[in-house]
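The values are calculated or read from the model by the stated rules, or taken from the named source; none is laboratory data. As the structure is a computational prediction, the values presented were derived from the model and not from experiment. A quick note on method: Cβ atoms are made from the backbone with ideal geometry, for glycine too, and the neighbour counts reach across all protein chains shown. These accessible areas exclude ligands, DNA and RNA; they are computed on the full protein's heavy atoms, side chains included. Shrake-Rupley method; radii C 1.70, N 1.55, O 1.52, S 1.80 Å.
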Amino acid sequence: MDTLIVHLLNALLYASVMFLIAGGLSLIYGVMRIVNLAHGNLYAFGAYVTAWAVGRALGGAIEASLWLYALLPVGALAAAALGALLEPTLLRPLYRRAEEYQLLITFGLLLILEDLMRLVWGPYPLQVSALYEALGSLTIGESIYPTYNLLVIVVGGLAAAGLWAFVYRTQFGVVLRATSQNMRMASALGVNVNRVYVQAFTLGCFMAGLGGAVIVPQQGAVLGMGVDALILAFVVVVIGGLGSLEGALIGALMVGIVREAGITFFPEIELAVLYLMAAVVLLVRPAGILGRA
Amino acid sequence: MTALAAAPRRVLAWSAPVLLALIVLPFVVPPYQTVLLSYGLVFAIAALGFNLLLGYTGLLSFGHSAYFGAGAYAVAFIVKYARFDSMEAFLLGGIVASGAIAALFGFVCVRYTKIFFGILTLALSQVLWSLAFKFFWVTGGSDGLRVPTPTLLGGFVRAGNDKFEFLSHRYYYYVLGVFVLCVAIMWVIVHSPFGKALQAIRDNETRAEFVGVQVWHYRWVAFVISGIFTGVAGALWVPLNGLTTPDILHWTFSGKMVFFTVLGGFQTFFGPIVGAIIFNYLETYAVGHTVYWQMVLGVVLVVLVLALPAGIVGTLRWLAPRPARAETA
């Protein structure tokens, strides 16, 4: 029974991080109709910045003081800043052009960011496990479970709730939804679409960066984590529906559970089964479970 | 009048000296350069196939690595399980494997367009990658499978002791021969009524359907042909590389294929060929000169998209416009 709970918590952990990444991707697509292939690298960027900042603040100490947890969001803020920088310079010139060029430029951005992180932080992984260990562990039945994972799940849940409130209960959210539903009409009604685009992109990057920031104490920041995460984020978004935050949540939960089940019972097909699931959803309901085509 | 006979004299005029240069090349440059160009020619064949979908049918596939890898792993499996080493068997195996997989994936994918098509092709190619990666007892996992030098022309031409000499002379001519054949076949395809129908579908799907073109059917056939060309490229690539690994099934390799096709200019016939060869040199020298070669490629791609969307050949054509004649790219 307790192994079941542990598996469930692992699935929720994975789902939380996936929701943060995929939610950002979905938000960006929903508002701007751009598939950001560099999104995974923004997640990696958030992870690296947080690992670096916390590492500097720790300064070689073994024990982490609880104040350091307040430093975690710095990765998210850095990713948001990077997004705010990239959108007007690289993406805005391409809105009027064919979709292929947007995919290409974000692919180029992926390559650039990958090596930028190598340039700044070197090829070795950055660890910040002191934060992971400082919270200790819980006993669930006969199993021991790290408490930090629960923190990640809570952050994921809070992010989901916060984002929902932001999009559905604030004025900014109304403007965001209006722009995503009908950009020209919103523009005709006086919305500054360029500004909404920058804000939406920044918010999406913030979420990706937050995903990286919360997971980095558990698994460290490694080159290539962005590319791996991107493909899984695609699976989540395809299942849940491009452009829908609730879809990203459902997709993340499904991916988390299927992955955990796959790893437990049949590790060889764990990856394949996720991609197959995406392919099946694309066949049966191409818009995704909760998406609009 | 066949499409080949209708090939504009301009094309034949400049392709003859280029072909001559390619034939003479192994006697003029060091073997390393010849082998490097062989890689370029292999990628050019893949680009040719890829562009049938992108430039002529208007479908951007982000999963063409699946067919390249299918061709490559077919070769590796022929070596591993059938213990054959004839290049013709390799090519046949590559064609069959990539054709079958393209037929299957195409059946699934061509119902969609634009972004869903791209994501679906990406997801399917990742399925193949993950299978090749995880089932290591069949595919060698991330170590890959080794492939020895093949015999060419049904066993008449053997490798002998010096593998590099074989690769830079006999194998190079073999690749060149297959390359010329592929260019000729693709030219005929693109200038045939089939090719025209594809372009009609690309330009205006609804109108094409009203005229009576079965859109889904034509797209699927184009998909299979495209996959086969890419599979041939994969089969040719393996003996050059000596080894096949799951990397060539990964979506980032598909991204490279998109990159070099767009680099050359995907709205022209010869653009992708030029792009593939130039990209090969670009990547090789970038890798050789800096650790941050991905950034170099990324910057080139960004500059390309922002400043030169027509690609190299497209921009050259824009700079030197040909007299207005009724001819297609």
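Observations, loosely collected:
- Legend: mean number of C-beta atoms from other chains within 10 angstrom of residue C-beta atoms, peptide A:88-96, equals 1.
- Extension reserve of the B:TYR281-B:LEU20 stretch, reckoned as 0.36 nm per residue once the Cα distance is removed: 91.9 nm
- Computed from backbone phi, the HN-Hα couplings of the stretch B:41-49 come to 5, 4, 5, 5, 5, 4, 5, 4, x Hz, rounded to whole numbers (Karplus: 6.51 cos²θ - 1.76 cosθ + 1.60, θ = phi - 60°; Gly and Pro given as x).
- Of the GluC sites (Glu not before Pro) found in the stretch A:114-219, the ones in coil according to DSSP and having at most 15 other Cβ atoms within 10 Å of their Cβ are A:GLU142.
- Charge dipole (debye, nearest 20) of the stretch B:173-329; +1 at Cβ of Lys and Arg, -1 at Cβ of Asp and Glu: 320 debye
- Dipole-positive endmost among A:GLY240, B:PHE259, A:VAL284 within the protein assembly as shown (Cβ charges, Cα centre): B:PHE259
- Computing FRET efficiency as 1/(1 + (r/R0)^6) for B:ASN241 and A:GLN219, where r is the C-beta to C-beta distance and R0 is 22 Å, gives about 0.10.
- Taken across both chains, chains A and B shield about 4000 Å² of accessible surface from a 1.4 Å probe.
- Charge dipole (debye, nearest 20) of the stretch A:1-155; +1 at Cβ of Lys and Arg, -1 at Cβ of Asp and Glu: 580 debye
- Under a Gaussian network description of chain A, with springs only between Cα atoms under 10 Å, the residue in A:PRO146, A:PRO73, A:PRO93 that fluctuates furthest is A:PRO93.
- Inter-chain neighbour count for B:111-117: the average number of beta-carbon atoms from partner chains within 10 Å of each residue's beta-carbon is 4.
- Per residue accessible area of the stretch B:69-111, 1.4 Å probe, in Å²: 42 Å²
- Per residue solvent-accessible surface (Å²) - the stretch A:10-62, probe of 1.4 Å: 23 Å²
- 3J(HN,Hα) along the stretch B:18-25: 4, 4, 4, 4, 5, 5, 7, 3 Hz, from the Karplus curve 6.51 cos²θ - 1.76 cosθ + 1.60 with θ = phi - 60°, whole Hz, x for Gly and Pro.
- Chain A, accessible surface, carbon-and-sulfur percent (1.4 angstrom probe): 67 percent
- Other residues with beta-carbon under 14 Å from the beta-carbon of A:ILE144 carry, at +1 per Lys or Arg and -1 per Asp or Glu, a net charge of -3.
- Only one residue of B:LEU316, B:LEU297, B:VAL287 has its Cα farthest out toward the positive end of the dipole of the stretch B:207-329, where Lys and Arg carry +1 and Asp and Glu -1 on Cβ, and that residue is B:LEU316.
- Simple Cβ-charge dipole of chain B, Lys/Arg +1 and Asp/Glu -1, about Cα centre, in debye nearest 20: 420 debye
- Protein heavy-atom accessible surface, 1.4 Å probe, per residue over the stretch B:243-294: 32 Å².
- In this structure the amide hydrogen of B:LEU60, modeled in the peptide plane, comes within under 5 Å of the amide hydrogens of B:LYS114, none closer than 5 places in sequence on its chain.
- Of the solvent-accessible surface of the stretch B:200-275, computed with a 1.4 Å probe over protein heavy atoms with every protein chain present, carbon and sulfur atoms account for 55 percent.
- Amide hydrogen proximity for B:SER86: with H placed 1.01 Å from N in the peptide plane, the residues at 5 or more positions away or on another chain lying under 5 Å are B:THR151.
- The alpha-carbon of B:LYS256 sits under 24 angstrom from the alpha-carbons of these lysines, leaving out residues fewer than 8 places away in its chain: B:LYS114, B:LYS134.
- Rounded to the nearest Hz, the phi-derived 3J(HN,Hα) couplings of the stretch A:237-242 under the Karplus curve 6.51 cos²θ - 1.76 cosθ + 1.60 (θ = phi - 60°) are 5, 5, 5, x, x, 5, where x marks glycine and proline.
- Note on B:283-292: average number of Cβ atoms from other chains within 10 Å of each residue's Cβ is 1.
- Gaussian network model of chain B, Cα within-10 Å springs - most flexible of B:THR149, B:THR244, B:THR113: B:THR113
- Loop-resident sites, the stretch B:69-155, for trypsin sites (Lys or Arg not before Pro), counting at most 11 other Cβ within 10 Å (DSSP): B:ARG83
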